[in-house]
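Shown next, in structure tokens, is the structure this report addresses.
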């Protein structure tokens, strides 16, 4: 199971980005901008949780660590 977070600050396009903390991504947000999503077997499950938690927000996946 991998640990996923979502950036609490939106990107320029208005989306909040999900990152996989277990993959060692180089594009992680600063610690104070990391909201814990939890541990999931796949990025798809983490995305579903984020969309459940923030149904009105645009959410995207990091292209580096959520492939």
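Numbers for the structure displayed
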{"read-out": "Segment 15-33, residues that are touching a helix residue (DSSP H, G or I) at 6+ places or on another chain (Cβ under 8 Å), more than 14 Å from residue 67 (Cβ to Cβ) and not in a loop (DSSP other than H, G, I, E, B)", "value": "16"}
{"read-out": "Residue 66 at pLDDT below 95 and in contact with a helix residue (DSSP H, G or I) (Cβ under 8 Å, 6 or more places away or on another chain)", "value": "yes"}
{"read-out": "Answer residue from segment 12-31, given it is out of contact with any strand residue (DSSP E or B) (no Cβ under 6 Å at 6 or more places or on another chain) and touching a residue at least 24 places away in the same chain (Cβ under 8 Å) and is surrounded by the most Cβ atoms within 10 Å (Cβ to Cβ) among those", "value": "23"}
{"read-out": "Conditions (1) in a loop (DSSP other than H, G, I, E, B); (2) surrounded by 16 or more Cβ atoms within 10 Å (Cβ to Cβ); number of the one not met by residue 55", "value": "(2)"}
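The values are calculated or read from the model by the stated rules, or taken from the named source; none is laboratory data. Because the structure is a prediction, the values reported are computed rather than measured. Here Cβ is always computed from backbone atoms with ideal geometry, including for glycine, and neighbour counts include all displayed protein chains.
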